[in-house]
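S.K.: I'd like to ask you about the structure that follows.
Any read-out appearing in this document is the output of simple, stated calculations on the displayed coordinates, not a laboratory observation. Owing to the predicted nature of the structure, the values given are computational and were not obtained by experimental measurement. All Cβ positions, even for glycine, are placed from backbone atoms using ideal geometry, and neighbour counts span all protein chains on display.
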Amino acid sequence: MKRILYIEDNATVQLIVKRQLAKLGEVSAAGDLKEGRLLLRERSFDLLLSDLYLPDGEAFELVFEIRRQHSPEQFPVILVSASMDQLARAKSFRLGANDCFAMPTPWPVLLGAVERMLARPYVGSAEVNGVSATYVEGRIDSRFWLFCPEFNLFLEGDNPEGLRDTLAQRVKADTAAGTGLPFVRNVRVSEHLIKTVPQHQ
């Protein structure tokens, strides 16, 4: 029997979805990322289905960790969220999700995707017009620095605006070429949204 890990913090939604997923395999449920990581260490699973935004972080973090050890074909991941907009969808695929859905999605559609993924993992397409990247910036004396973990980019210089422009160009080039991460695929970029997490001075 196939094993499914389902991560969802809303107890009511978790119960309803678990009942539906039980038709397709053995379901283990977690309420947050910490509990999900614990279950992943304890046993193996054939599929991860997870809400995107959880009390202790975003499922993007977990997808990134999983893809460091398993390819999309070895361990498929489906992300769901009521906030699954175009940029979240692009980021989901860029970090290695097999597919993602904006909720509410009709049960037959979601269950059909889970069933297909369990039978023969596929990778959906992130054919969108944008991509998001997170970076941290700071200053040491008169020098500025910037680090983008998703693309493993560290930049430093005298002009913070110039560093941000350089980052945007590198993200655009790496994403379009599919070289930002080893599992980047099918992303077309024409616009950029850079989310800033500034370091407190």
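S.K.: Which whole-Hz ³J(HN,Hα) couplings does the stretch 72-85 yield from phi under the Karplus relation 6.51 cos²θ - 1.76 cosθ + 1.60, θ = phi - 60°, glycine and proline marked x?
M.R.: Values per residue, Gly and Pro as x: x, 6, 6, 9, x, 10, 10, 10, 10, 6, 5, 9, 7, 8 Hz.
S.K.: Now a separate question. Once a ≥ b ≥ c are taken as the square roots of the eigenvalues of the Cα gyration tensor of the stretch 3-119, is the result rounded (a/c under 1.5), prolate (a/b larger than b/c) or oblate (a/b not larger than b/c)?
M.R.: Taking the square roots of the gyration eigenvalues as a ≥ b ≥ c, the stretch 3-119 is rounded.
S.K.: How do T105, T12 rank when sorted from fewest to most other Cβ atoms within 10 Å of their own Cβ? All intermediate terms of the calculation are to be shown ahead of the outcome.
M.R.: Details: T105 14, T12 8.
With the fewest neighbours first, T105, T12 line up as T12, T105.
S.K.: Just rank R43, R37, fewest to most, by other beta-carbon atoms within 10 angstrom. Could the numbers behind the result be given before it?
M.R.: Numbers: R43 10, R37 17.
Neighbour counts put them in this order, fewest first: R43, R37.
S.K.: For K2, which sequence-distant residues (separation of 5 or more, or a different chain) have an amide H within less than 5 Å of its own amide H, given hydrogens modelled in the peptide plane?
M.R.: E26
S.K.: Quick query: amide H of Y135 versus all other amide H atoms, modeled in the peptide plane; which residues come in under 5 Å with a sequence gap of 5 or more or a different chain?
M.R.: Result for Y135 returns K195, V197.
S.K.: Where a Cα-Cα gap under 29 Å defines reach, which lysines qualify for K91, not counting those fewer than 8 residues away within the same chain?
M.R.: K2, K18, K34, K172, K195
S.K.: Rounded to the nearest 0.05, what FRET efficiency do F154 and R68 have when you use their Cβ-Cβ distance and R0 = 25 Å?
M.R.: 0.85
S.K.: Need one number: nm distance between label points at W107 and T12, each 7 Å from Cα along Cα→Cβ, rounded to one decimal.
M.R.: Going from the W107 label point to the T12 one covers 1.6 nm.
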